[in-house]
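The values are calculated or read from the model by the stated rules, or taken from the named source; none is laboratory data. From a predicted model like this one, the values you see are computed outputs, not experimental measurements. Here the Cβ is made from the backbone with ideal geometry for all residues, glycine too, and neighbour counts use every protein chain on show. Heavy atoms of the whole protein, side chains included, go into the accessibility calculation; ligands, DNA and RNA do not. Shrake-Rupley method; radii C 1.70, N 1.55, O 1.52, S 1.80 Å.
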Amino acid sequence: MLRTITVGSHVSIQGTFVRALTDGRILVRVGERLFKGTPIEPKAV
């Protein structure tokens, strides 16, 4: 499943969900690299 995270105030990264962390952040994989950040939740319509 693709997920989008924010890293810093202006950088967003989209990758494959790996796992949720205990502090509320998640890990996503882009190629061979793992990124940790705050998930962006979709807006309710």
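Here is how the numbers come out for the structure above:
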{"read-out": "Entirely in region 1-42, the strands (runs of 3 or more DSSP E) that have 3 or more residues that are open to solvent by 70 Å² or more (accessible area, probe 1.4 Å), aliphatic (A, V, I, L, M) and out of contact with any Pro (no Cβ under 9 Å at 6 or more places or on another chain)", "value": "none"}
{"read-out": "Pair list, Cβ < 6 Å and 6+ apart or interchain, from region 18-33 residues that are closer than 14 Å to Met1 by Cβ to residues that are assigned to a strand (DSSP E or B) and open to solvent by 80 Å² or more (accessible area, probe 1.4 Å)", "value": "Val18/Arg29; Leu27/Arg19; Leu27/Leu34; Leu27/Lys36"}
